[in-house]
Structures are given as C-alpha cells and as structure tokens.
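Here the structure comes first, spelled out in structure tokens, and everything after it is commentary.
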Amino acid sequence: MGTFSSALDRPARTAAVIGTEDEAITVAGTVAEVFSFPAEGGAAAGTAEARLDLLSRSGLFGISVPTEHGGIDVSNTVLAEVCTVAASRSAALADVLAAHFGAVEEVRSHGSESQQGTVFSAALAGGRLARASARRNGESVDALPLVASGLAWRLGGEALCTPCARHADWLLVPAHLDGGRSAGLLLATRIDGLHYIANSCEPAKGGVQPAEHVLFKDVAIDGDALLHSAGETALHGVARSLDLLLEAARRIGIAREAMRHLLDDDAGDPIETGRLAARLAAAEAMAGEAGRAIDAAQIGLAGQHRTNAFLAAAAALAAAEDAANALRQAAPEGEASLSPHLAAILRESGRLRRDEHRRPPEEEG
C-alpha cells in the first residue's frame, strides 16, 4: 500500500445519497443534533466513533464532489451554510466538515485525474479527508520539510490535525520540496511512521474538541502522494478562499447560537438585540456573496475571478468575526451614539425578532 492509497483495513461503507442542496442543509442539522454537547456537561449521544460513523453514512462528505464524478457539487454558499448549521451545535463537527470540504477542493484544484477519481469515489461512499497544520518547537510553521531519498522522499516533524484525524481516510499535509517549493501531501492515515499522540476523540467539557497531535517519523513518501506543486498563484487560489469562507461560516454558527441565547433572555434590551441581529445578518449576506464569488472562480479562467473570491471571503471572515465577538460579549451599546431614527428602527427590529423567536410553531405562516 502506497502513501496515497487509502487504508483498506476498515469495513466498506454505504453512505446515503443526498440529492439536493436543501437536503444537505437538513441532514447537517440532524447530524449536528447528534454531535451537540449538552450545556450542563453531559456526554453527547454515543461514542465518538459511533458519531463519526453516522457522519460518514449521512452523505455529507460527498456533497461537494463534482458532477462529472457522480456528486451534486453544491454551491459554496450552501457548503458554508452546512458548516454554519454544524457550528451552531458542535464545534468539532464544524471543524471536521470544514477540513474535509477544504481538502476536497484542494484535490479538485490540484489533484491528478487518478487522485481525483480515488478521493471523490471514496467521499461519495463516506470517506473523509482531514488536514494538518505544521508545527516546529511548539510554534506554527507553513509546512514540513521533505528530504529527498532516492526517487522518493522522507518526511519528519509534527502537526496539529483535524479532530479525530486517525479515523479519517486521508490526511492533507503541507510540505516543502527541494528549493523551497510548496506541495500538498495526501497521505493515508494508517501508514507506517504516523503516530497519533492522544488516545481519545471525546470532546472536552464545554464541547471543545482538541486538535489531534500527530508525529511524522521518517515517513516514506511516494510520488503518487504529491498532490500539487503550488506556485505563488496558490496564495489567492480558490482553495484558500474556500478555507476563509468556511472559517467565516463557523463563526457565523457560533454567532447564531449566541443570538439564540440572547433572544431567550427576557430581560434583554431590544435595541441591543436589533443592533446585534443586524451585524449577524450583514455577516451572513457577505458570506453568501463570497460563496457566489468562489463559484465564479471555480469556473472562470481569469485571475480576477480568484482575486474577487479571495477579497470577498476575507471580508466575510472579518464581518463574521466581528458579529461573533459582539454577540459573545453582548455588551449594551445604549442609545447615546444612535440617531433617534436608527434607535427606533433597531428597537422595532429587536422586538420583532424576540416576538418571532417566542411565537409557537402553530402560529407561524
């Protein structure tokens, strides 16, 4: 078995087939409830392995597979919404999904036909990709060094990886080739030389899932594991823009959950609620715009498409971070800095949102 070939020592999976974008969002919500960690500190349903198996069988790992490979290739706006829905209930689930979707885009953008065929088929069957972030002496670095060894390479070092990376099928690792060229390595997660330090995938109290600490000890790297040799153009490439969008989506999910708690507070200030709801809505709108820009960059040949996608995704991330921080703090802003007109609008908006939040389902429509 090569360094790229997926480990075959696990039972064959049968994943559900998700046929529409609306179905993808609905399934994400259902899975997120299973992954959610109760606020009082109780355990989430089942073991980590059982939850990951459910996720694999849900069909979510295949929703971004291109149509020519049998997938439905959902829009990037929907991909972001799936991560937002997940993040509102489980940070670990959102991290797993975002890493997988980002890695799939790397394969789409830079993988060979053979790599694409293998990975996309596996994703449709429930296969998962995890991602690694290189470390040296406890600090983050851009990539791990590849040392030439005959016609192949050797890899050593350490990384922090997607939660529960050991249960994934592949691990996408950033590396440096001779001469400083950057490359992506698509490694099977069960090859010789990969050592997973932690012994559990269970979330810590409060729902925070620690990153998986992985050591690479003299790992033999075959040529077929080399995903791409990226030049400077990759800095603003589609894959990086998607990473930024999915990071924004996770923050929007956190902000939505904070908004839910704010709306549950009967003593909350309507003006504050209106102001914070407006910030969240703006972040959501910017994420939608970024998703459409990335859609265009995936099919457009001009460099301006990629630049527009990167700028839109960066703006969405900034807006999402601002909204999430504001909602977490939920600090009263008061009316002093507002015009009377805007204060009245925000007060009305906040009251409407509170009324809608409290309206029984049977009264909707």
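Determine whether Ser112 is open to solvent by 10 Å² or more (accessible area, probe 1.4 Å), more than 24 Å from Ala312 (Cα to Cα), touching a Leu at 6+ places or on another chain (Cβ under 9 Å) and among the polar types (S, T, N, Q). Step through it out loud before you land on a result.
Numbers: open to solvent by 10 Å² or more (accessible area, probe 1.4 Å): yes; more than 24 Å from Ala312 (Cα to Cα): yes; touching a Leu at 6+ places or on another chain (Cβ under 9 Å): yes; among the polar types (S, T, N, Q): yes.
Yes; evaluated as a whole, the condition is true for this residue.
Residue by residue, here is whether (1) surrounded by fewer than 18 Cβ atoms within 10 Å (Cβ to Cβ); (2) in contact with a strand residue (DSSP E or B) (Cβ under 6 Å, 6 or more places away or on another chain); (3) modelled with pLDDT of 90 or more holds:
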site: Leu227; (1), (2), (3): no, yes, no
site: Leu235; (1), (2), (3): yes, no, no
site: Asp243; (1), (2), (3): no, no, yes
site: Ala297; (1), (2), (3): no, no, yes
site: Leu301; (1), (2), (3): yes, no, no
site: Ala319; (1), (2), (3): no, no, yes
**Complete:** Checked against (1) at pLDDT 90 or above; (2) under 16 Å from His167 (Cα atoms); (3) touching a Gly at 6+ places or on another chain (Cβ under 7 Å), His100 satisfies every condition except (3)
**Asked** Within the set of pairs 6 or more residues apart or between chains, which connect a residue that is free of Cβ contacts under 8 Å to residues at least 40 places away in the same chain inside segment 52-74 to a residue that is open to solvent by less than 10 Å² (accessible area, probe 1.4 Å) and in a loop (DSSP other than H, G, I, E, B) with Cβ atoms less than 6 Å apart?
**Response** Asp73/Pro66
**Asked** Can you pull out the residues in segment 178-200 that are open to solvent by 40 Å² or more (accessible area, probe 1.4 Å), of a type outside the set (Lys, Arg) and in contact (Cβ under 8 Å) with a residue 60 or more places away in the chain?
**Response** Ser200
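In the set Ala125, Ala134, which member is touching a Lys or Arg at 6+ places or on another chain (Cβ under 7 Å) and either of a type outside the set (Asp, Glu) or surrounded by fewer than 20 Cβ atoms within 10 Å (Cβ to Cβ) (or both)?
It is Ala125.
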**Complete:** Every listed condition ((1) more than 18 Å from Phe35 (Cβ to Cβ); (2) modelled with pLDDT of 95 or more; (3) open to solvent by less than 50 Å² (accessible area, probe 1.4 Å)) holds for Ala175 save (2)
**Asked** Name the residues in segment 258-295 that are at pLDDT below 95 and exposed (fewer than 15 other Cβ atoms within 10 Å of the Cβ), would you?
**Response** Arg260, His261, Asp264, Asp265, Asp266, Ala267
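The values are calculated or read from the model by the stated rules, or taken from the named source; none is laboratory data. All values derive from a computational prediction rather than experimental measurement. Cβ sites come from the backbone with ideal geometry, for glycine too, and all protein chains shown count toward neighbours. Heavy atoms of the whole protein, side chains included, go into the accessibility calculation; ligands, DNA and RNA do not. Shrake-Rupley method; radii C 1.70, N 1.55, O 1.52, S 1.80 Å.
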